[in-house]
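Taking it in order: structure first as structure tokens, then the write-up.
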Amino acid sequence: MLGEGSKLLFVSQHMTTDSAGHRAGFRLSFRGHLRQLVRLGLVGLFSSRAGHLSQVAPVGDICNCMNKLSSYYKPQELKWFDIIGWYQIIGGSTGIVWLLWALTQSTNLLLWLAIALGLGLNSFSIYAGRQLLKNRDFGPTYLIQAIQILSFIGLGLTYQVVIGLALGAGFEWIENADIVANFKILSLYEFKYSPAQTDKIRVVINFIPVFIINYLIKRKEEAEDRKRLAEYSSANV
């Protein structure tokens, strides 16, 4: 049986322990709320720059937003993405109309096959533009632009693809080497083999797709840096 002094001591110790527990719990709760507020502030900062969030979203949606790279692009960059996307859509649509008209003017099977290939490339250009506009997916754009960089004539082979604009320079060798400039609008396709032209060499680089690919790569790298900085700041609060 405990004495009166022992009872008072026991109650005092219990109250002290309970108070310490409440203080520890309060500190942990306060730190948790502070981390959450900082996360919300970081997400709001980056999302407002991209113009994607106009109001505070639920925590789950905000975390998902932080994981999306598109939230870290600047408004001016998003405008250029839209321009490039529409450029590819308009170029592809114009090419399809031109090829369908050419299809009605010929009964040559080989020409029909070439037109079918051109229709496929133009359709893919439209797809690439839509992916860039809706999902900020650069992959299809990289592909359709890459096949337009180089055009050449050599060993009787001719290859040239233009969907949109072509602004290039290169060299041509028939009897003497010459520097050539190249400018074309809308669509152009050349796939042919001419044994009689095996002595002709022509190589031209189109600067338009080079600029587009380089621009997208740099903007993506910068957005990835912003994303890593936001995640690091959030993790170390």
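For the pair Phe171 and Gln105, the difference between a 0.36 nm per residue extended length and the Cα-Cα distance amounts to 20.4 nm. Each of Phe81, Phe152 has some number of other Cβ atoms within 10 Å of its Cβ, and from fewest to most they run Phe152, Phe81.
Once backbone amide H atoms are built at 1.01 Å from N, Asn206 has Leu150, Ser151 as its partners under 5 Å, excluding neighbours fewer than 5 places away on the same chain. Coupling constants for the stretch 113-123 follow from the phi torsions by the Karplus curve (6.51 cos²θ - 1.76 cosθ + 1.60, θ = phi - 60°), and in residue order they are 5, 5, 5, 4, 5, x, 4, x, 5, 5, 5 Hz; glycine and proline get x.
Here the gap between Tyr142 and Ile205, fully extended at 0.36 nm per residue and compared with their Cα-Cα distance, gives a gain of 21.1 nm.
For Leu165, nonlocal amide neighbours, meaning residues 5 or more places apart or on other chains whose placed amide H falls under 5 Å from its own, are Leu186.
Values quoted throughout were computed directly from the atomic coordinates according to the rules given, and no laboratory measurement underlies them. Every value quoted in this text rests on a predicted model; they were computed, and no experiment measured them. FYI the Cβ positions are ideal-geometry reconstructions off the backbone, even for glycines, and counts take in every protein chain you see.
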